[in-house]
Structure formats: C-alpha cells, structure tokens
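A.B. asks: Okay, handing you the structure first.
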Amino acid sequence: MLPSDGRFGSGPSKFRPDAARALVERAVDYMGTSHRKAGVRRVVAELRAGIADLLGAPDGYEVVLGNGGATAFWDAASFGLIERRSHHLSLGEFSSKFVAVTAAAPHLDEPSVRVGDFGTCPPLEAVGGVDAYCYPHNETSTGVMLEVRRPAGHDEALVLVDATSGAGGLRFDPSGCDVYYFAPQKALSSDGGLWIALMSPAAVERIERLSASDRWTPAFLDLKLALDNSRKDQTYNTPALATVFLTAQQVGWLNGNGGLEWAAGRSDRSADILYGWAEASAIASPFVDDPAIRSRVVGTIDFDDQVSADDISAALRANGIVDTDGYRKLGRNQLRIGIFPAVEPDDVEALTACIDHIIKHLIA
Ligand SMILES: *Cc1c(COP(=O)(O)O)cnc(C)c1O
C-alpha cells in the first residue's frame, strides 16, 4: 500500500531520479568546469529561457539569477528594489521573515504590514506612500495561496511576489507583478542555494536607478551586478553547478510535457485527492477553511484530538514516508504535505490510505 516514492516534504521536496541520472551523465564534461565558459553558460542560458517559457514571460521581462536562495533575495530586494517603504501581507513564517528584513534595514522606512491569522489571507489593498508591495504566491508554512495581482489603484509601486513554493506549480498572470522570485527546491523540485527572478521592465528600471544612487549595497546582494551577469548567462560568484543543472532539467521536463498548465493540473489532481479525502474523513479536515485560498501545492491537514499528528508522521517516517510534519510554529495537530508537480497523484492517494491505516491502529 506504500506510495512509489515516499517524499512529501514542502522543501526541499521530491525531485525526479531521472534528473539526478542526467546529472551523472554530465559528471565528466559539465561538473567541475568553469562557470565562465560556454559549457556551463549554455546550461544557464537553457535555464533562463526555460523559465521564461514556463512562466509565460511577457515581452520585455527578464530572468535574473543569483546565489543564496529566496532568503538572500529578500536582503537583495531591500537594497535594490525597495526605494523607501514597502507594504507587506504577513500570513505565516515566510511572509513575516521578509517583513523582518525591511523592518531592520536602516536605509528604509518602517514597513507597512497587514497581518492575517494563520490559515487566512489579509486583503491586498493600495496603501499611500509605499513603493513596493510584497506577498507570497503560496505561504508554505500554512498552505494558503494568493492570487498574483496588483492592488487596485496602485501607481508606480512595484509588486514583488515570493513564489518559492508556487513557481512552476500554480497558474498565474505574470503581468500581475514586477518580480516573481523563488528558490528552486520547492515547487520546482530541484536543489537549493539559488534564487531566480522573472523581472518586469519597471523592476529593471528601479534596480538601475537605485544602483546609480548613493545607497551602499554589498556586492553579493547587488541586483545590478546580478542583472549584468545574468544577461551574460552567469552569476556574480560561483553557483552550485548541480543546482543549476537540476533546475534546468526540471524546467525542461515541465515544458516538454505541456508547461505550466500541465504542471498545475498535476498538482490540482493531487490537491483534489488530498482535500477530498480530508473532507470525507471523520478525523481529518483541511486546515484552510476557504477553498479559494486553500493551496494546490502545499496541503495542510488538521486532525482531531483522538490522534496525534506527530504520531502519524512518526509512523509514516518509520515506513519511508518522510517530511509530512506540520510547521512547528503553527502549534497545531497537523500534517503538511508537499503536492508539487513532481509528486505522483497516485502516490497522494496511497498516502491517504496509509494515514487511514495508521489512524485505525492508533485509535484501536
Ligand atoms: C522556503 C521558502 C523561502 C526560503 O527559501 P530559502 O531558499 O531557504 O532561502 C522563502 N519563501 C518561501 C515562500 C519559502 O517557502
């Protein structure tokens, strides 16, 4: 009754063994070669073009990349994209971490923050005197997804969307934001250490303007340097070549099978299976009440007091089904299941049967 693959983590998430096998084949001509030479730069070029294709980049949008993952991108954005004051939706661990970055930055004004309870989403509304709106496409800690859009009546402000657990798994309108940034170890089922951002001409213009201003910026976090290097299919400093390769493989796999629509369709099937099972269960229920914001890529499932979610996840782990634990800081009796496009919907079905089986034994 076990799923064919037991990895249901929300990041790092399951990646396809085929991608790793493809990397092994390039162990002697790609790995261990210069990131400034054609062999590696071709893979970076393939990755950038593949991302633009997958995300449906509008004319003039550019794919920029750098080292350090989404966390480093927050720091970089605080120097290179936010001019004075940002407005944030804060609805969980990751969205609140970006708030902490801008709140601590001495060169920025105190950010404006709209906080939502865990499992809900505060409304996105225009705010006077801010030059950047910041929210996640999918709040990975709670399993809440948002619509990518600009607030009504906004003016010159940029819209920065953290898509680390959404990019490549959720449909969206790319013209609804200026920067759609992510690390590739979650929805894109690759490995960590890299950030990738789809940027609008307005975002590029902001980067260039702030770079020409007298604001001091650490070189590692300088988005102008990242932009200039990306245009040459390079990064400012040495990237993890394996991460670049694995991400290009995953993007190629998604595009080859039908692109974002196909990928999102797979996650939709998994989400329907997972939430359908929880809604029919006497003991489990979806944590997020509103089906419109219930994530299609990270499912959070509450359990009633008869069983301990920790006991369930421990029994799953003992049988090779890993990383289903809820997010600690939520403090709920909960499992959190990564249902990214790389996960087989049939495996989600098998997982639900395994959980039912465990519950039967825990209650008996
Ligand atoms: C995991 C995650 C991050 C942090 O990514 P790192 O690559 O570990 O820095 C940021 N935002 C969201 C929404 C995430 O899920």
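The values are calculated or read from the model by the stated rules, or taken from the named source; none is laboratory data. Fair warning: this is a prediction, and the values are worked out from it, not measured in the lab. Positions of Cβ are backbone-derived with ideal geometry, glycine not excepted, and every protein chain shown enters the neighbour counts. Note: areas computed on protein heavy atoms with side chains; ligands, DNA, RNA excluded. Shrake-Rupley method; radii C 1.70, N 1.55, O 1.52, S 1.80 Å.
A.B. asks: Is it the case, given these coordinates, that Ala100 is at pLDDT 95 or above, surrounded by fewer than 22 Cβ atoms within 10 Å (Cβ to Cβ), among the small types (Gly, Ala, Ser) and part of a loop (DSSP other than H, G, I, E, B)? Even if it seems obvious, please write down each step before you answer.
C.D. replies: Values: at pLDDT 95 or above: yes; surrounded by fewer than 22 Cβ atoms within 10 Å (Cβ to Cβ): yes; among the small types (Gly, Ala, Ser): yes; part of a loop (DSSP other than H, G, I, E, B): no.
Taking the combined requirement at face value, the residue does not satisfy it.
A.B. asks: Could you check, for the range 121-139, whether at least one of its residues is without any contact (Cβ under 8 Å) to a residue 24 or more places away in the chain and in contact with a helix residue (DSSP H, G or I) (Cβ under 9 Å, 6 or more places away or on another chain)?
C.D. replies: The answer is no; no qualifying residue exists.
A.B. asks: Can you find a residue that is out of contact with any helix residue (DSSP H, G or I) (no Cβ under 7 Å at 6 or more places or on another chain), surrounded by fewer than 17 Cβ atoms within 10 Å (Cβ to Cβ) and closer than 28 Å to Ala167 by Cβ anywhere in the range 296-311?
C.D. replies: Keep residues of the range 296-311 that are out of contact with any helix residue (DSSP H, G or I) (no Cβ under 7 Å at 6 or more places or on another chain), which gives 298, 300, 302, 304-305, 308-310.
Subset that is surrounded by fewer than 17 Cβ atoms within 10 Å (Cβ to Cβ): 304-305, 308, 310.
Still in the running and closer than 28 Å to Ala167 by Cβ: none.
No, there is no match, as no residue in the range 296-311 is out of contact with any helix residue (DSSP H, G or I) (no Cβ under 7 Å at 6 or more places or on another chain), surrounded by fewer than 17 Cβ atoms within 10 Å (Cβ to Cβ) and closer than 28 Å to Ala167 by Cβ.
A.B. asks: Okay, moving on. Among the listed residues Glu147, Glu110, Glu125, which satisfies the condition of being under 19 Å from Gly299 (Cβ atoms), open to solvent by 40 Å² or more (accessible area, probe 1.4 Å) and part of a loop (DSSP other than H, G, I, E, B)? Outline the logic, then answer.
C.D. replies: On the way: Glu110 fails: under 19 Å from Gly299 (Cβ atoms); Glu125 fails: under 19 Å from Gly299 (Cβ atoms).
Of Glu147, Glu110, Glu125, the one residue that is under 19 Å from Gly299 (Cβ atoms), open to solvent by 40 Å² or more (accessible area, probe 1.4 Å) and part of a loop (DSSP other than H, G, I, E, B) is Glu147.
A.B. asks: Mind listing whichever residues of the range 331-364 are open to solvent by less than 30 Å² (accessible area, probe 1.4 Å) and polar (S, T, N, Q)?
C.D. replies: Initial filter on the range 331-364 (open to solvent by less than 30 Å² (accessible area, probe 1.4 Å)): 334-335, 337-343, 345, 347-348, 350-352, 354-355, 358-359.
Answer for the range 331-364, where residues must be open to solvent by less than 30 Å² (accessible area, probe 1.4 Å) and polar (S, T, N, Q): Gln334, Thr352.
A.B. asks: Take the range 1-52 and flag every residue that is in a helix (DSSP H, G or I), over 21 Å from the mean Cα position of the chain (by Cα) and without any contact (Cβ under 8 Å) to a residue 12 or more places away in the chain.
C.D. replies: Result: Arg21, Val24, Glu25, Ala38, Gly39.
A.B. asks: Just the residues that are of a type in the set (S, T, N, Q) and open to solvent by 40 Å² or more (accessible area, probe 1.4 Å), please, taken from the range 16-69.
C.D. replies: Thr33, Ser34
A.B. asks: If you go through the range 133-142 one residue at a time, do you hit one that is within 16 Å of the ligand (Cβ to nearest atom), among the small types (Gly, Ala, Ser) and open to solvent by less than 10 Å² (accessible area, probe 1.4 Å)? Write out each step before concluding.
C.D. replies: Pass one, the range 133-142, residues within 16 Å of the ligand (Cβ to nearest atom): 133-142.
Subset that is among the small types (Gly, Ala, Ser): 141.
Subsequent filtering for residues that are open to solvent by less than 10 Å² (accessible area, probe 1.4 Å) retains 141.
Checked against the condition, which is being within 16 Å of the ligand (Cβ to nearest atom), among the small types (Gly, Ala, Ser) and open to solvent by less than 10 Å² (accessible area, probe 1.4 Å), the range 133-142 yields at least one hit.
A.B. asks: Another one. Restricting to the range 182-236, name every residue that is touching a Lys or Arg at 6+ places or on another chain (Cβ under 9 Å), open to solvent by 10 Å² or more (accessible area, probe 1.4 Å) and within 26 Å of Leu108 (Cα to Cα).
C.D. replies: Glu208, Leu210, Ser211, Ala212, Thr217
A.B. asks: Determine whether the range 319-335 contains at least one residue that is aliphatic (A, V, I, L, M), touching a residue at least 40 places away in the same chain (Cβ under 8 Å) and farther than 19 Å from Val144 by Cβ.
C.D. replies: yes
A.B. asks: Do the conditions hold for Ser190, that is, is it polar (S, T, N, Q), within 28 Å of Asn255 (Cα to Cα) and under 12 Å from the mean Cα position of the chain (by Cα)? Write out each step before concluding.
C.D. replies: On the way: polar (S, T, N, Q): yes; within 28 Å of Asn255 (Cα to Cα): yes; under 12 Å from the mean Cα position of the chain (by Cα): yes.
So Ser190 passes the test.
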